[in-house]
1. Looking at the stretch 346-372, I want the residues that are under 20 Å from TYR53 (Cα atoms) and among the hydroxyl-bearing types (Ser, Thr, Tyr) and have a partner that is modelled with pLDDT under 95 and loosely packed, with under 14 Cβ neighbours inside 10 Å with Cβ atoms under 8 Å, at least 6 apart or on another chain. Which pairs are those?
2. With the checklist (1) under 30 Å from VAL80 (Cβ atoms); (2) hydrophobic (A, V, I, L, M, F, W, C); (3) over 19 Å from the mean Cα position of the chain (by Cα) in hand, flag the one item VAL251 doesn't pass.
3. When you look at ILE469, is it open to solvent by 60 Å² or more (accessible area, probe 1.4 Å) and either touching an Asp or Glu at 6+ places or on another chain (Cβ under 9 Å) or under 15 Å from PHE284 (Cβ atoms) (or both), yes or no?
4. In the stretch 122-143, what residues are closer than 22 Å to ILE355 by Cβ and open to solvent by 70 Å² or more (accessible area, probe 1.4 Å)?
5. Before we move on, is GLY483 over 14 Å from the mean Cα position of the chain (by Cα) and open to solvent by less than 50 Å² (accessible area, probe 1.4 Å)?
6. Pairs only if they're at least six apart or on different chains, beta carbon under 6 angstrom, first in the stretch 241-256 and among the polar types (S, T, N, Q), second assigned to a loop (DSSP other than H, G, I, E, B) and within 16 Å of the ligand (Cβ to nearest atom); list them, first residue then second.
7. Given the options VAL436, VAL427, VAL464, VAL459, name the one that is farther than 30 Å from GLY342 by Cβ and over 23 Å from the mean Cα position of the chain (by Cα).
Amino acid sequence: MISRRLYSTTGSAGRLASVIKNVDLLKTKSYINGAWVASSTNKKFDVNDPALYPKPDSKLASVSSMTLQDFERAIDHARVAFDEFKQTSGRYRSNLLLQLYELMIENKNDLATLITLENGKPYADALGEVNYAASFFQWFAEEAPRISGDIIPSADASKRIFALKQPIGVCGILTPWNFPLAMITRKLGAAIAAGCTTVIKPASETPLSALSLGYLVEKAGFPKGVVNILATDDTAAIGKLLCESPIIKKVSFTGSTKVGKLLMNQSSSTLKKLSFELGGNAPFIVFEDADIEKAVAGAVTSKFRSSGQTCICANRIFVHESIYDEFATKFVNKVKKDSLLGYGLNKGVTHGPLIHDRSMQKVVSHIEDAVSKGASILCGGSKRPDLGTNFHELTILGDVTPDMLIFQEETFGPVAPLIKFSSDQEVIKLANDTEVGLAGYFYSTNVSKVFKVAEELEVGMLGVNTGAISEAALPFGGVQESGFGREGSKFGVDDYMVIKGIVLGDIV
Ligand code: SIN
């Protein structure tokens with residue numbers, strides 16, 4: 001493990017190179033049509049380590065900020081590349097994806113270090129993300145050769161109907177900072193399997209991981225123009241461009257519901273196919289017949305993964321009144337015993353910083369609002385300026401009620417609100433009392449309750465007796481204002497394809 005001391009004592013410019021073994025992974029230009037290019041205006045933006053920010057040594061790199069014209073060029077290249085790529089076989093595309101999978105695994109330690117540096121998540125979590133991210137390439141390598149259409153009997157005996165699946169075309173991919181690699185690979189793997197070409201805009205907070213993937217794409221031998229990865233800090237304008245471009249046929253976005261609504265509006269001019277994975281407000285329900293130890297472990301995993309900065313983190317933890325005190329005590333004890341807040345590259349650290357000040361403000365405002373309305377702080381509750389400006393303690397709040405902001409909004413931070421309930425009907429009503437529906441979780445050992453509650457909860461994904469649901473095989477996506485479309489799984493490729501119906505007549 002790299003110690004913070006070693007990491008901090010090297011100078012700003014050479015710091016990344018001193019901790020990354022394969023320095024070829026370090027890119028500050030963008031990858032367009034198989035070449036590494038600087039912004040046409042030479043504009044750059046800084047990428048910072050959130051654990052050290054705003055100290056002067058928090059700067060990791062200065063990255064080219066690609067302009068609208070640069071993106072337009074990439075879109076044109078992707079369009080040209082599509083003409084050939086759409087005709088390749090699934091087996092060929094499978095081999096490309098497998099190659100990329102193997103390269104990610106070969107470079108996993110460096111990729112994990114990069115994620116920790118620009119995102120802040122602890123190294124072990126970052127390594128988990130790299131494996132998770134690579135698994136989408138493996139998964140879609142297995143899907144690519146098996147994409148097939150259908151033959152459908154016609155009402156007319158002299159006709160046959162064929163459903164031909166074809167790649168939709170050039171895809172725009174917009175990804176967030178919380179999983180700098182996995183949110184790209186989950187989309188890119190499916191797009192490539194389908195035979196689409198891509199223009200990818202990673203989050204401006206975490207472009208280095210995305211650009212390192214560009215290097216691996218190059219090494220894997222992808223044809224020019226199939227994968228274009230462009231960093232920029234001009235996020236709003238580029239999002240609009242991708243949504244309004246008539247060349248781009250589909251946009252896949254992971255991010256907030258607010259931005260999803262904006263992008264959907266912008267996409268209406270071209271009636272673009274969209275898949276959106278947006279915000280959540282996940283209920284986590286512990287019924288009276290739950291195995292409490294397991295429920296506590298699941299709550300820690302689900303709530304505090306990446307310091308609460310995932311869309312599927314438990315956001316409201318409902319506990320039956322008969323076991324509330326026992327659960328609360330065990331939950332607090334486990335968090336205190338098993339977690340160590342700190343710098344992600346330091347040994348033993350389990351939780352890192354928040355990404356930036358805006359996240360911190362939301363966390364603080366949710367705690368203040370809850371406390372002002374009667375919630376009690378059972379654990380944590382404070383910022384940790386001694387560790388850095390973006391660090392906040394893992395926090396557990398008791399006696400939370402539906403009138404509190406933390407009940408209504410996604411916190412996206414390390415705060416676990418406990419809400420007492422007394423009946424199944426009450427908790428299902430409370431759990432569904434939200435406009436979003438991404439993930440949900442519940443613990444019960446009663447089989448008929450498992451089925452009933454699973455059917456009643458208005459979410460796209462459910463963890464039953466588990467707090468960890470993410471893997472390539474899961475159809476990932478939400479309902480209501482958490483978006484639409486499914487990523488990963490055997491359904492993921494469909495979002496990148498269109499079905500052409502062909503009627504063959506005169507069969508006598
Ligand atoms: C997300 O936070 O949007 C993704 C989480 C995951 O894939 O596990």
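The values are calculated or read from the model by the stated rules, or taken from the named source; none is laboratory data. Since the model is a prediction, treat every value here as computed from it, not as a measurement. We place every Cβ from the backbone using ideal geometry, glycine too, and count neighbours over all the protein chains shown. What goes into the accessible areas is simple: the full protein's heavy atoms, side chains included, and nothing from ligands, DNA or RNA. Shrake-Rupley method; radii C 1.70, N 1.55, O 1.52, S 1.80 Å.
1. Every condition considered, no pair remains.
2. Of (1) under 30 Å from VAL80 (Cβ atoms); (2) hydrophobic (A, V, I, L, M, F, W, C); (3) over 19 Å from the mean Cα position of the chain (by Cα), only one is false for VAL251: (3).
3. Considered against the rule, which asks whether it is open to solvent by 60 Å² or more (accessible area, probe 1.4 Å) and either touching an Asp or Glu at 6+ places or on another chain (Cβ under 9 Å) or under 15 Å from PHE284 (Cβ atoms) (or both), ILE469 comes out as no.
4. Residue satisfying the conditions is ALA124 alone.
5. Answer is no for this residue.
6. Sorted first by the residue in the stretch 241-256, then by its partner, the pairs are THR254/THR175; THR254/PRO176; SER256/GLY279.
7. After ruling out the rest, the residue left standing is VAL427.
Per-residue answers, yes or no, for (1) at pLDDT 95 or above; (2) within 14 Å of the ligand (Cβ to nearest atom); (3) in contact with a Phe, Trp or Tyr (Cβ under 9 Å, 6 or more places away or on another chain); (4) in a strand (DSSP E or B):
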| residue | (1), (2), (3), (4) |
| --- | --- |
| LEU430 | yes, no, yes, no |
| THR434 | yes, no, yes, no |
| THR445 | yes, no, yes, no |
| LYS452 | yes, no, no, no |
| GLU455 | yes, no, no, no |
| ILE469 | yes, yes, yes, no |
| ASP494 | yes, no, no, no |
| VAL498 | yes, no, no, yes |
